[in-house]
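For reference, the structure discussed in these notes is given below.
The values are calculated or read from the model by the stated rules, or taken from the named source; none is laboratory data. Nothing here was measured: the structure is a model prediction, and the numbers come from that model. Every residue, glycine among them, receives a Cβ derived from its backbone with ideal geometry; neighbour counts consider all protein chains shown. The protein model used for the area step is the full one, side chains on, heavy atoms only, and it has no ligands, DNA or RNA in it. Shrake-Rupley method; radii C 1.70, N 1.55, O 1.52, S 1.80 Å.
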Protein chains: 2
Amino acid sequence: MLQDNMIFPQHDCSGCPIRHRAVCARCDAHELELLEEIKYYRSFEAGQTVVWSGDRMDFVASVVSGIATLTQTMEDGRTQMVGLLLPSDFVGRPGRDGAAYDVVATSDVVMCCFRKKPFEQLMETTPHIAQRLLQMTLDELDAAREWMLVLGRKTAREKIASLLAIIARRDATLNLITPKGKLVFDLPLTREAMADYLGLTLETVSRQISALKRDGVIVLEGKRHVIVPDFTRLLEEAGDDNDGGLLV
Amino acid sequence: MLQDNMIFPQHDCSGCPIRHRAVCARCDAHELELLEEIKYYRSFEAGQTVVWSGDRMDFVASVVSGIATLTQTMEDGRTQMVGLLLPSDFVGRPGRDGAAYDVVATSDVVMCCFRKKPFEQLMETTPHIAQRLLQMTLDELDAAREWMLVLGRKTAREKIASLLAIIARRDATLNLITPKGKLVFDLPLTREAMADYLGLTLETVSRQISALKRDGVIVLEGKRHVIVPDFTRLLEEAGDDNDGGLLV
DNA sequence: CGTTACTTTGAGCCTGATCAAGACACGTGG
DNA sequence: CCACGTGTCTTGATCAGGCTCAAAGTAACG
């Protein structure tokens, strides 16, 4: 379970790929030392469940690499994704014992975990951590509200276009590109995961992707590799007139 | 616009009805004094818009009394409510200049406003404020995720039952009652506002309320006064098996 | 090759949207 | 007091977008 050394030889935070975006982003050298004392890495294979909703969770964590999802499931099996966790995103809630959602690794995932109790103590004494966490939580809340508009009011076609736009934008900004004109990226989600994200069935997802392809809004190479010839066109299809602040 | 003295004679926080739940909940006497220096009251009539999305917002605020909504609107007029603001809820985002959503007073509303700049400075120096705001934001994020399940996966009937359950539960806890058995409350929203909350049309809302009435899940006196004979039954209709943590 | 997971496509149905009309409550002015 | 207007809500008839059920195509892998 703890294969940190295999994947991230450094226990040292200074070389960490998410150093400047994660919950530790604002920490100074001394604060990082305190964090290092309570941290450990865990890795998960694609498809593996990190925690089950309701389970006791004795750690909080940052996603270092890979993609995980937060999902809710009703008794009859209907599921809704409520969070998409990308590198640097934070998992778990300080001050709560149990997990509120299922956390599932969609790809192979590495997490930087902090033992919860000492992390909570650090939050009291180290304002930089709490400040950054507040900022990240506010961003997530904005993303959740954007997502609510998608779920509540958009058509299936607009939902797909919105999701593609979100992924395309994130991918572009990660590569330090301003999202416009032609973009290329890989879908990190199966059709079923996309359906759970958007409140659709996987058949509808498949059909709408085919429709967008047929209409030239996107070009597919294989099932997962997407080329967007004109990002503005995609935004129009998403119903976003402005290049609005959809963030993940 | 500033009719504070009419409605809340005390500029003094100690007698404030939301003293123990708002963003200032953890503040001590001294911290409250600092807040009092930068605060002022504003009141709004039912139907009035507090701020428009995109507008500059030079304050943050707590709802003292009344109900307001956060809504997003697409160019073609489709609207989705993304937040329901009740007494003690917080409005605005520290560190952002413009409003991200329309804020509309659904009933007559009184807000306790803080000038943004000095409030942001206080957040740096007064950890109790930032701590409380983090807690509140995490709660809102949980509520938003619960809401996403409602929007994405529930049927119209379940959506209505879910909303009624949320309002009933909040109303009950406000009156220090454990929500179970028979509950009585008033709907603070029009059918249209409920539709915007749930991603439905107002006709569907009306029909489903009639259906729940016909099936004895609720009893109506007038359009807005609701009697729930059996709260457990309502939760079943909502698709929530457990008495899960739906919060507003 | 055969298995398995993922995806696409088709046919028919159903839930909720749309369009339309009327009911009800309330206030205003003649 | 009534006529009228307005905002809110209810109900009906019809339509269509997305779901369900079903089958077949594709690719990776042992």
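Points worth noting:
- Scanning segment B:83-93 for residues being part of a loop (DSSP other than H, G, I, E, B) and facing chain A (nearest Cβ under 9 Å) gives a total of 1.
Matching residues to (1) outside the structural domain of A:LEU122 (by TED's automatic domain parsing); (2) without any contact (Cβ under 8 Å) to a residue 40 or more places away in the chain; (3) buried (at least 18 other Cβ atoms within 10 Å of the Cβ); (4) assigned to a strand (DSSP E or B):
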site	(1), (2), (3), (4)
A:HIS30	no, yes, no, no
A:ARG42	no, no, no, yes
A:VAL50	no, no, yes, yes
A:GLY77	no, yes, no, no
A:MET81	no, no, yes, yes
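- Residue, nearest to the other protein chains (Cβ to nearest Cβ), within segment A:179-219, restricted to residues that are within 13 Å of DNA strand D (Cβ to nearest atom) and in a loop (DSSP other than H, G, I, E, B): A:GLY199
- A Cβ distance below 6 Å, combined with a sequence gap of six or more or placement on separate chains, defines the contacts here; from segment B:153-182, residues that are of a type in the set (Lys, Arg) reach residues that are open to solvent by 30 Å² or more (accessible area, probe 1.4 Å) and within 16 Å of DNA strand D (Cβ to nearest atom) in the pairs B:ARG153/A:ARG78; B:ARG157/B:GLN208.
- Unmet criterion (only one of (1) modelled with pLDDT under 95; (2) under 28 Å from B:LEU149 (Cβ atoms)) for A:TYR197: (1)
- Scan segment B:204-214 for residues that are more than 23 Å from the chain's Cα centre (by Cα) and away from DNA strand C (no atom under 11 Å from the Cβ) and the total you get is 4.
- Some residue of segment B:224-241 being within 12 Å of DNA strand D (Cβ to nearest atom), more than 14 Å from every other protein chain (Cβ to nearest Cβ) and charged (D, E, K, R): yes
- Unique residue being within 15 Å of the chain's Cα centre (by Cα) and open to solvent by 20 Å² or more (accessible area, probe 1.4 Å) when the list is B:THR173, B:THR201: B:THR173
- Counting the residues of segment A:180-196 that are open to solvent by 10 Å² or more (accessible area, probe 1.4 Å) and either on the phi > 0 side of the Ramachandran plot or more than 8 Å from DNA strand C (Cβ to nearest atom) (or both) gives 8.
- Qualifying residues in segment A:155-170 (those that are within 12 Å of DNA strand D (Cβ to nearest atom) and open to solvent by 20 Å² or more (accessible area, probe 1.4 Å)) - the one farthest from the other protein chains (Cβ to nearest Cβ): A:ARG157
- Looking only at segment B:102-154, and only at residues there that are under 14 Å from the mean Cα position of the chain (by Cα) and in a loop (DSSP other than H, G, I, E, B), the one that is farthest from the other protein chains (Cβ to nearest Cβ): B:ASP108
- Taken residue by residue, segment A:215-225 has at least one member that is open to solvent by less than 10 Å² (accessible area, probe 1.4 Å) and either touching a Leu at 6+ places or on another chain (Cβ under 9 Å) or away from DNA strand C (no atom under 16 Å from the Cβ) (or both).
- Condition check for A:ARG96: within 14 Å of chain B (Cβ to nearest Cβ), closer than 17 Å to A:VAL51 by Cβ and either touching a strand residue (DSSP E or B) at 6+ places or on another chain (Cβ under 9 Å) or not aliphatic (A, V, I, L, M) (or both): yes
- Candidate set: segment A:228-248, residues that are of a type in the set (Val, Ile, Thr) and within 12 Å of A:ILE167 (Cα to Cα); chosen: the one modelled with the lowest pLDDT: A:VAL248
- None of B:MET74, B:MET57 is more than 9 Å from chain A (Cβ to nearest Cβ) and modelled with pLDDT of 95 or more except B:MET57.
- Taking segment A:57-75 as the range and being assigned to a strand (DSSP E or B) and either among the small types (Gly, Ala, Ser) or over 17 Å from the mean Cα position of the chain (by Cα) (or both) as the test, the residues that pass are A:PHE59, A:ALA61, A:SER62, A:SER65, A:ALA68, A:THR73.
- Taking the criterion of being among the hydrophobic types (A, V, I, L, M, F, W, C) and open to solvent by 10 Å² or more (accessible area, probe 1.4 Å), the residues of segment A:111-127 that qualify are A:CYS112, A:LEU122, A:MET123.
- Selection count where residues are open to solvent by 30 Å² or more (accessible area, probe 1.4 Å) and in a helix (DSSP H, G or I), scope segment B:226-246: 4
- Some residue of segment A:58-71 being closer than 23 Å to A:ARG96 by Cα and free of Cβ contacts under 8 Å to residues at least 40 places away in the same chain: yes
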